[in-house]
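Nothing in this text is a laboratory measurement; each read-out follows from the coordinates by a stated rule. Note that the structure is predicted; figures quoted are calculated from it, not measured. Because the Cβ atoms are built from the backbone with ideal geometry, glycine has one as well, and the counts that use them run over all protein chains shown.
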Amino acid sequence: MAHSVLKVRSSHRVSGFIAHPTGSQGQLPILSSISSGLGRNGCSWTFSQSLRYSRKKYLRLASRAVYPLVKRAIDIVTSLVLIAFLSVPCLVIALLIKATDGGPVLFWQRRVGRWGRQFWFPKFRSMVPNAERLLGDLLSKNQHQVGVTFKIKKDPRVTWIGRFIRKASIDEVPQLWCVLIGEMTLVGPRPAVPREVAKYTLVERLRLDVAPGITCIWQVSGRSNIPFPQQVEMDVDYIQRRSLWLDLKLLVLTVPAVLSGKGAY
């Protein structure tokens, strides 16, 4: 009797949907699919499977909570160690920059960080003191024709000592201070200047979802030789996959990338 009732009711409205019987038994397709997935006790998952799923779920939640704390700890310790270790070479570089043209040792620039927050971004000065005013005359020579960034290999504004510290990435060392105080992180998308961010598309603005960093995927994949659209793709890829393991891997890969000098100009 129960079976015949099921067969009769299967052609009527079920939970707001019209269903028609199919097959020799006249069962609803949805009931057939559900019944085929049920286990011996009417459960699609065994207790052990449910336990494994719950364990993985809570491990993922725990890793997401711990990751920022561990990342920040690595930033603080590493930046302190590098600042102490590089203090003497940086002093020599500072004297050479000052002796070149008498201008300031550091170049300070406003950059855009996480969620659009601007901060002061220092570099060892590698160009002539009036480099910003000369930029307009060089825009036509920009090698990054697609996108908003400006790069040319033989920039006439770069000084002799500037070419050396750029090739060796020494000009980026002062940014360790930004890492130490929390404005930046060791691994993350490079911070852009406000005029570039003002031209960002919605996809490109995804780069602002995390704290900016000193190195990231495209920094170890060719640096300035990477066109801007590919830079964005790599940054978004990092944001979606970021983890402690990926950060450590990129930090290790940064060493040979810096030593080779590929794409640094």
Worksheet item: What dipole magnitude, in Debye to the nearest 20, does the range 67-260 give about its Cα centre under +1 on Lys/Arg Cβ and -1 on Asp/Glu Cβ?
Response: 240 debye
Worksheet entry | Fewest-first sequence of 216, 178 by Cβ atoms within 10 Å of each Cβ | 178, 216
Worksheet item: What spacing in nm lies between the two simple spin-label points modelled at residue 85 and residue 100, each 7 Å away from Cα in the Cβ direction?
Response: 2.5 nm
Discussion item. With θ taken as phi - 60° and the coefficients 6.51, -1.76 and 1.60, list the Karplus ³J(HN,Hα) couplings across the range 215-221 in order, rounded to whole Hz; mark glycine and proline as x.
Written reply: 9, 7, 5, 6, 5, 9, 10
Worksheet entry | Full-extension gain in nm, residue 164 to residue 140, via 0.36 nm per residue minus C-alpha separation | 6.1 nm
Worksheet entry | Counting DSSP beta bridges with both ends in the range 67-260, the antiparallel % (nearest 5) | 80 percent
Practice prompt. For residue 106, enumerate residues with amide H under 5 Å from its amide H, sequence gap 5+ or separate chain, H modeled in the peptide plane.
Written response: 125
Item to complete: Using the structure shown, list the pairs from 71/154; 98/249; 98/141; 98/151; 98/262; 98/199 with a Cα-Cα distance above 31 Å, or answer none.
Response: 71/154; 98/249; 98/199
Discussion item. What distance in nm lies between label points placed 7 Å from Cα along the C-beta direction at residue 120 and residue 70?
Written reply: 3.5 nm
